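S.K.: Got a structure for you, questions after.
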Amino acid sequence: MVDYPLEYYDFFVKFNEGDYYTCHDLLEEMWMTDKGNLFLKGLLQMSVAIYHYEYGNIKGARLMMSCAHEYLQSYRPLHWGLDLEEVYHFINACMSLFPKNLDRVPFEDVNKLPQLPKLFLYLRDS
């Protein structure tokens, strides 16, 4: 088994719990030490996209998810034990659900937005 940074393992736990804000913090801490790592940046953008969407910032979610899609492309199909084909299926599903004609909704109306699919992340053997 490959040893990854502790923050990476914590990211999986927090992502699966739906704590996307903490995911951002964990990934940003790792990415700040290696800003050329687009894999970490892509996961960070995906987490931020979900967080934005949950608070009604649809435009931000759309932009961040599009960036995640681009950044993770060269790491497919499997990188750091993460099945990126599964992640790509999730990203594409989310992008198809984001309302095209809205940029923002008030927080009290977030529950009226299409619900995003649930993605559970786990490490696979390389």
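The values are calculated or read from the model by the stated rules, or taken from the named source; none is laboratory data. For clarity, every value in this text was computed on a predicted model and none was experimentally measured. All Cβ positions, even for glycine, are placed from backbone atoms using ideal geometry, and neighbour counts span all protein chains on display. With ligands, DNA and RNA removed, areas are computed over all heavy atoms of the protein, side chains included. Shrake-Rupley method; radii C 1.70, N 1.55, O 1.52, S 1.80 Å.
S.K.: Working only within region 109-125, note down all residues that are out of contact with any Gly (no Cβ under 9 Å at 6 or more places or on another chain) and either open to solvent by 100 Å² or more (accessible area, probe 1.4 Å) or among the hydroxyl-bearing types (S, T, Y) (or both).
M.R.: Hits for region 109-125 are N111, K112, Q115, F120.
S.K.: Now, a different point. Within region 54-69, does at least one residue satisfy the condition of being aromatic (F, W, Y), within 13 Å of the chain's Cα centre (by Cα) and under 20 Å from Y21 (Cβ atoms)?
M.R.: Within region 54-69 (the criterion being aromatic (F, W, Y), within 13 Å of the chain's Cα centre (by Cα) and under 20 Å from Y21 (Cβ atoms)), the answer is no, since none of the residues qualifies.
S.K.: Here's something else I'd like to know. For R76, state whether it is in contact with a Leu (Cβ under 6 Å, 6 or more places away or on another chain) and surrounded by fewer than 19 Cβ atoms within 10 Å (Cβ to Cβ).
M.R.: Yes: the conditions hold for R76.
S.K.: Hey, another quick one. Could you check region 1-20 and list, in sequence order, the residues that are assigned to a helix (DSSP H, G or I) and more than 30 Å from V105 (Cβ to Cβ)?
M.R.: Within region 1-20, L6, E7, Y8, Y9, D10 qualify.
S.K.: Looking at the structure I just gave you, is L43 touching a strand residue (DSSP E or B) at 6+ places or on another chain (Cβ under 7 Å) and of a type outside the set (G, A, S)?
M.R.: So L43 fails the test.
S.K.: F15 passes all but one of (1) among the aromatic types (F, W, Y); (2) more than 16 Å from L121 (Cα to Cα); (3) surrounded by 19 or more Cβ atoms within 10 Å (Cβ to Cβ); which number fails?
M.R.: All conditions pass for F15, except number (2).
S.K.: Take the conditions modelled with pLDDT of 95 or more and touching a helix residue (DSSP H, G or I) at 6+ places or on another chain (Cβ under 8 Å) and apply them to E17. Does it pass?
M.R.: No.
S.K.: Run E29 past the list (1) assigned to a loop (DSSP other than H, G, I, E, B); (2) modelled with pLDDT under 95 and report the number of the one that doesn't hold.
M.R.: For E29, the failing item is (1).
S.K.: Yes or no: P106 loosely packed, with under 15 Cβ neighbours inside 10 Å and in contact with a Phe, Trp or Tyr (Cβ under 7 Å, 6 or more places away or on another chain)?
M.R.: Spelling it out, it is not the case that P106 is loosely packed, with under 15 Cβ neighbours inside 10 Å and in contact with a Phe, Trp or Tyr (Cβ under 7 Å, 6 or more places away or on another chain).
S.K.: Considering region 21-43 alone, what residues qualify as being open to solvent by less than 20 Å² (accessible area, probe 1.4 Å) and within 24 Å of N111 (Cα to Cα)?
M.R.: Residue satisfying the conditions is C23 alone.
S.K.: For M65, all conditions in the list (1) over 22 Å from V2 (Cβ atoms); (2) of a type outside the set (S, T, Y); (3) part of a loop (DSSP other than H, G, I, E, B) hold save one; what is the number of the exception?
M.R.: (3)
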